[in-house]
Amino acid sequence: LANLTQGSNIAITKAAGSITVATTQNPTFTTSVTTPILTSSGTLDVTAAVGSNITIGSTTTTGAITIGGTAQTGVLNFGTGTGVQSINLGTGGTGAKTTTVGSTASTSTTSIQSGATGAVNINNGTLATTTNIGTSTGTNAINIGTNTTAAATIIQGSTNAGTTLSLRAGATTLGVTNASVAITGAATVSSTLGVTGLTTLNGGLTVNSTT
């Protein structure tokens, strides 16, 4: 026992008549430990002191960081605490990122929601970008402001002088139903315009096909 020495993560304390062997706190593994596995027979918690950070993959430059098993059927929770939090996905650095939210499985549902006085913002920055909604080649049902329970104010288009707003329909009819429709300024309709209900035209309306 006199030749017993401690390792990089094992502390050995020798006292009169006794030897204490213990693991060190905050161990740093050598490069020989290439695939350490952190497991627990019960709940596994990774925690830090108040005000400290928990970082996963801080030095990873290639490869993948995976959270959740491939066959997992449980729930993955991010930012579910009751405190005030900021949750960022794909916001760091200047490198180009492809951020994917949601699954292509046929029964998958992706929900984006806010509180009663909050807002859901999609591409509301200052850059000149393109926002695509419902542009997949499959048969889509795109609903905007279709809730009939409460009154909604739905605004499409901009008052900027260079703005162009196009409402299109294929071989079917572009219809506006059960409402009072006010069209101001010069308007050109180059497809079929179907309007039912009370219609008020406050400006010039040029129709190139069927009204």
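Collect residues whose amide H, placed 1.01 Å from N in the peptide plane, falls under 5 Å from the amide H of Asn9; neighbours closer than 5 in sequence don't count.
Under 5 Å from the amide H of Asn9 lies no amide H from a residue far enough along the sequence or on another chain.
What are the residues whose amide H is under 5 Å from the amide H of Val176, where those residues sit 5 or more places off or on another chain and H is modelled from the backbone?
So Val176 has HN proximity to Gly194, Val195, Thr196.
Kindly write out, for the range 80-87 in residue order, the coupling ³J(HN,Hα) from the Karplus curve 6.51 cos²θ - 1.76 cosθ + 1.60 (θ = phi - 60°), rounded to whole Hz, with x marking Gly and Pro.
My calculation for the range 80-87 gives 9, x, 7, x, 6, 10, 10, 10 Hz in order.
Could you give the nm distance between label points at Thr47 and Ala152, where each point is 7 Å from its Cα heading toward the beta carbon?
Those two pseudo-labels are separated by 4.4 nm.
Please state the Cα pair-distance histogram of the range 82-145 with 5 angstrom bins from zero: what percent is in each bin?
3, 9, 15, 26, 20, 17, 9, 1, 0
Could you work out how much longer the chain between Thr39 and Thr55 gets when fully extended? Use 0.36 nm per residue separation minus the Cα distance between them, nm to one decimal.
Additional length available on full extension: 4.0 nm.
Here, each number is a calculation from the coordinates, and none is a lab measurement. Keep in mind that this is a model prediction, so the values were computed, not measured. Heads up, the Cβs are rebuilt from the backbone with ideal geometry, glycines too, and the neighbour counts pull from every protein chain shown.
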